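For reference, the structure discussed in these notes is given below.
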Amino acid sequence: MSKATDPDRILLVEDDERIRLEVLDALQAGGFVVSVAATLKEATDLVQNGFDLVLLDLGLPDGDGLDLCRSLRASGDDMPIILLTARDAPEQRVRGLDVGADDYVVKPFHMPELVARIRGLLRRSGSKTATGLLRADTLWLDPQARTVGRDDQRLDLKPREFDLLQFMMTNPGRAWTRDQLIERVWGKSFDGDARTVDLHIARLRSKIETDPSDPRYVETVWGVGYRFQDES
Amino acid sequence: MSSENSLPQSVQPKNRPASRIQLTRRLSVKLALVLGLAMFSLQLLTSSLVNFADLAILEQADTSARAGSTPFALYLRDHLQINDNRRYEPTEDAQTMLERYLGITETYVWLDPDDRVVTVGDIAQQYVSVGDLWPLCNSSEYCDVDLGPNSPAAASTWTRLAIDGRHIGTFVLLYFDATFGDEDRIFWGVPVSFLLRLLAASLIAGLTAVLLVNLVTRRLSRLAADATTPLRGEQDEPVDLPGPFDETGGDEIALLASALNTMRGRIEELVASLADRDRQRRDWIAQVSHDLRTPLTALAACLERARERLMVTTTPVSREAVLEMIGAARHDQERLQMLVEDLFELARLDADDSLTFEPVPPGELVRQTVRGMGALANEQGVELKANIAQALPTIRADGRRLMRALENLTRNAIHYGQSAVELSAILDGDFIKLQVTDDGPGFPEMDGKAVLELTKSHPRRPDSAGLGLVVARRVAIAHGGDLGGENRPEGGARVWVRIPATPSE
C-alpha cells in the first residue's frame with residue numbers, strides 16, 4: 001500500500017487543540033503528510049479521501065470515535081487505525097480493538113513511541129499475506145507443512161493451537177482481544193468465551209515456552225488480551 | 001474519593017401509631033375474653049355453691065315439713081294475730097322477720113282457713129340463709145301439718161296450722177328455682193340475668209384488660225418515641241443519638257430497652273468510625289493536594305526560570321543550561337503524572353473493587369515490569385534485575401493492576417536504590433510473593449509493620465514517593481493479599497506484595 005517514495009498520509013482525529021498541534025508537529029517532523037479533524041463529522045468527511053493510517057481519539061465532542069472505526073470496518077475498509085486512549089480505561093481499548101482498530105496508544109504518550117507504532121503498523125500492513133516460514137527468535141512455524149519447532153526440535157501442537165499461533169505470528173506486535181482471537185481463529189459461529197482463549201494460550205505456552213510462567217513469545221496485554229512478541 | 005460527609009444529618013422519625021393501637025386493641029380484646037371467661041366461671045361456681053348450700057337446707061326444711069314441723073310455720077304459729085275479720089294473720093313483726101330471713105328466691109303466703117290469701121311476703125332484699133331461722137323453731141308440738149295433695153306450686157311447702165284441732169290457716173313457703181330470680185325472662189333461649197351477668201363480667205374484664213395492656217404498651221410507646229427522636233448533629237460534631245433507654249424492670253421490655261442500648265452503642269461506634277474515616281480522608285486529600293502542589297510549583301518555577309534566562313538575559317544561554325532546565329521540568333511533569341495516575345487508580349479501586357481477572361504468569365509480570373521500567377532505571381544509573389523462581393503457578397489475578405502495583409514498588413526502589421534493584425517472584429506458602437529489593441538507605445527508623453502503618457495513615461513516605469505504596473497495598477488487598485516491607489540487615493529495603501496463588505484453571 002505504501003510506497004517507499006510517497007510519504008504516508010495520516011488522518012489525525014483529536015479534539016484537544018494542544019495535543020492536536022503537538023502530534024501534528026511530531027508527525028510532520030517524522031515525514032508524514034497529516035490531515036487533521038477535530039470532530040467526528042469532519043473526520044467522517046475527510047476519511048473519504050483515503051489515508052494510509054488513521055489516528056483516532058475516542059472522546060470527540062460530537063460523538064464516539066469508535067463509531068467511525070466501526071463504520072469504516074463495516075464498509076470493508078481495512079485502513080490501519082490507531083486509537084488514542086486513556087491509561088485507565090482498558091475496557092475502552094478492548095472495545096476499540098474489538099470493533100476493528102489495529103492498535104492503541106495510551107495517553108499521555110511519548111511522541112517517539114507514537115511515531116514508532118505508526119511506522120510499525122504501516123510496515124506490517126503491507127505484509128499481511130506472507131505465507132512463508134514464520135520466525136521469531138528460535139521459534140519457527142511452517143504454514144504449508146503446518147509444523148512448529150524451536151531450533152531443530154519439532155513441537156507437537158493441536159490443530160487449534162497451531163491456528164492460534166500462526167494467526168498471532170502473522171501479526172506480530174499487535175494486541176488481540178480474546179473476542180477477536182475467537183472470531184479470527186475459531187470462527188464467528190463459535191460461542192466459547194474468553195476462558196477458552198486463556199486455556200488455549202496456556203496450553204500453547206506450555207508447549208512453545210521454556211518456562212510457561214515466564215513466557216517469551218506470547219505476551220499478555222494486561223486487561224486487553226494477547227500479543228505475539230515483536231522483537232526478533 | 002468523595003469527600004462529602006456521609007453522616008445522616010437527620011432521620012425522619014417514622015411514627016406508626018396505628019400499629020401501636022392495633023397492638024393495644026388486640027391484646028385488650030384477648031385479655032378481656034380471658035378475664036371475662038375467668039370471672040364468669042368463678043361467679044357461676046360461687047353462686048352455685050351458695051345455691052347448693054341453700055338447697056341442702058331447704059331440703060332439710062322440706063324433710064322436717066314432711067315429718068310434721070315446718071320451722072317458718074312454727075315461728076308463724078307464735079306470731080299470729082286476729083284481724084278485724086276474725087281471721088288469723090301474721091303480726092307485723094312476724095312479717096318483717098320472715099321478709100328478713102327469707103332469701104331472694106323465697107317468699108311466703110299466708111292463707112286463711114278458706115284458703116284466701118291474707119298476707120304475701122315481699123321478695124327479701126337481704127339474702128339470709130334460711131338456716132338462721134332454723135334454731136328458732138325446732139319443736140313440732142303446735143304443728144298439725146298437712147301437705148295438701150293439690151299444692152299450688154311445685155316448689156313449695158305447705159304447712160297447715162291448727163290450734164286445738166281447729167284449722168286456722170296455711171303457711172305456704174314458695175321457693176323458686178335456685179338459679180334464677182323471679183324477674184328472669186328468657187331471651188334467645190338464655191335467661192336474661194345470665195346475659196346481664198355475662199355483660200357485666202365482660203365490661204369489667206375489658207376495662208381491666210385495657211388498663212393492663214396500656215400499662216405494657218405505654219412503656220413500649222415511650223421506648224418507640226425515644227428511639228425515633230430526630231437525630232441532631234452538625235458536621236464534625238458527634239451525632240446526638242436518642243437514649244440511653246431505661247433498662248429497669250427486669251422484664252421483656254427492659255430486655256428490649258437493653259437491646260436498643262446495645263444497638264445504640266454499635267451505632268455510636270459506627271458513627272465515630274465514619275467520622276474518623278471522613279477526617280482521615282480529608283487529611284489525606286489535603287496531603288495529596290500538597291503533593292500535587294509541590295511539583296506544580298517546581299514546574300512553574302522552572303519554566304519561569306527558563307523563560308527569563310532565554311528572554312531577559314543578554315548573554316547567550318548554553319545548550320546544556322537549556323537542556324538542564326527542560327530536564328528539570330520534565331522530571332516535575334513525570335512526578336505530577338505519576339501522582340495523577342495513582343490518584344485515578346485509587347479512585348477507581350474505591351469506586352469499584354471488582355477486578356478483571358485473567359491468567360497471570362508471575363514471571364511474565366516481573367519481566368514485563370523490568371522491561372517497562374528499564375529506561376527509568378538506566379536514567380537513574382540503577383541496574384534492574386529479575387529473579388524469577390522456576391515453574392511458578394500461573395495465577396488468576398488482575399494483571400494490569402498487579403503490574404501497576406509492582407511498577408510502583410519498583411519506581412520507589414529505583415528512586416532510593418544506589419546501584420541495583422532486584423525484582424523477584426517466589427512461591428511463599430499459598431502466596432505468590434512479588435518482591436522488590438533495593439540497596440538504598442532503607443526506611444528511616446521503621447520496621448516492616450511501620451511500612452504498613454505508613455500506607456494506612458500517611459499515604460506517602462516522609463520525603464514523598466507519591467502514592468505508589470498506597471496503590472500497591474490497595475491492589476494487594478483487593479486480591480486478598482497484603483503488602484509488607486522491611487529494612488535488610490545488609491542495607492537497603494525490601495517491599496513485597498503477596499497475592500494468593502489461586503491456580504488459573
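The values are calculated or read from the model by the stated rules, or taken from the named source; none is laboratory data. Note that the structure is a prediction, hence the values are computed from the model and not measured. Cβ coordinates were reconstructed from backbone atoms using ideal geometry, including for glycine residues, and neighbour counts include every protein chain displayed. The protein model used for the area step is the full one, side chains on, heavy atoms only, and it has no ligands, DNA or RNA in it. Shrake-Rupley method; radii C 1.70, N 1.55, O 1.52, S 1.80 Å.
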Filtered residues of segment B:312-341 (kept if open to solvent by 90 Å² or more (accessible area, probe 1.4 Å), assigned to a loop (DSSP other than H, G, I, E, B) and not polar (S, T, N, Q))
B:Val312, B:Pro316
Restricting segment A:194-223 to residues that are more than 24 Å from B:Leu406 (Cα to Cα) and without any contact (Cβ under 8 Å) to a residue 12 or more places away in the chain, the residue that is nearest to the other protein chains (Cβ to nearest Cβ)
A:Leu199
Hey, could you check segment B:480-505 for residues that are at pLDDT 85 or above and within 14 Å of another protein chain (Cβ to nearest Cβ) and say which is nearest to B:Asp332 (Cα to Cα)?
B:Ile499
When B:Gln280 is run through (1) touching a residue at least 24 places away in the same chain (Cβ under 8 Å); (2) within 13 Å of chain A (Cβ to nearest Cβ), the failure sits at (2)
Evaluate the following for B:Ala375: is it within 24 Å of B:Leu434 (Cβ to Cβ) and either among the basic types (Lys, Arg) or within 13 Å of another protein chain (Cβ to nearest Cβ) (or both)?
yes
Kindly establish whether B:Leu292 is in a helix (DSSP H, G or I) and over 18 Å from B:Gln333 (Cβ atoms).
no
Taking the conditions exactly as written (basic (Lys, Arg) and either away from every other protein chain (no Cβ under 11 Å) or in contact (Cβ under 8 Å) with a residue 12 or more places away in the chain (or both)), does B:Arg335 satisfy them or not?
yes
Only one of (1) open to solvent by 10 Å² or more (accessible area, probe 1.4 Å); (2) of a type outside the set (Phe, Trp, Tyr); (3) touching a strand residue (DSSP E or B) at 6+ places or on another chain (Cβ under 8 Å) does not apply to A:Ser213, and that is (1)
When you check B:Leu323 against the structure, is it in contact (Cβ under 8 Å) with a residue 12 or more places away in the chain and hydrophobic (A, V, I, L, M, F, W, C), yes or no?
no
Of the residues that make up segment B:352-366, is at least one part of a helix (DSSP H, G or I), under 21 Å from B:Leu469 (Cα atoms) and without any contact (Cβ under 8 Å) to a residue 40 or more places away in the chain?
no
Assess whether A:Lys207 counts as being open to solvent by 30 Å² or more (accessible area, probe 1.4 Å), assigned to a loop (DSSP other than H, G, I, E, B) and basic (Lys, Arg).
no
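Which residues, counting only those in segment B:285-317, are more than 60 Å from the chain's Cα centre (by Cα) and touching a residue at least 12 places away in the same chain (Cβ under 8 Å)?
Within segment B:285-317, B:Cys302, B:Leu303, B:Arg305, B:Ala306, B:Arg309, B:Leu310 meet the criteria.
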Quick check on segment B:378-400. Is at least one of its residues within 10 Å of chain A (Cβ to nearest Cβ), part of a helix (DSSP H, G or I) and modelled with pLDDT of 85 or more?
yes
Out of curiosity, is B:Pro238 modelled with pLDDT under 75 and open to solvent by 90 Å² or more (accessible area, probe 1.4 Å)?
yes
How many of the residues in segment A:180-197 are open to solvent by less than 90 Å² (accessible area, probe 1.4 Å) and within 19 Å of the chain's Cα centre (by Cα)?
9
Filtered residues of segment B:292-332 (kept if within 24 Å of B:Arg411 (Cβ to Cβ) and of a type outside the set (A, V, I, L, M, F, W, C)):
B:Arg293, B:Thr294, B:Pro295, B:Thr297, B:Glu324, B:Gly327, B:Arg330, B:His331, B:Asp332
Where residues in segment A:57-102 are in a strand (DSSP E or B) and buried (at least 19 other Cβ atoms within 10 Å of the Cβ), which of them is farthest from the chain's Cα centre (by Cα)?
A:Leu60
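Would you mind stating whether B:Arg309 is surrounded by 13 or more Cβ atoms within 10 Å (Cβ to Cβ), within 14 Å of another protein chain (Cβ to nearest Cβ) and modelled with pLDDT under 85?
In short, no.
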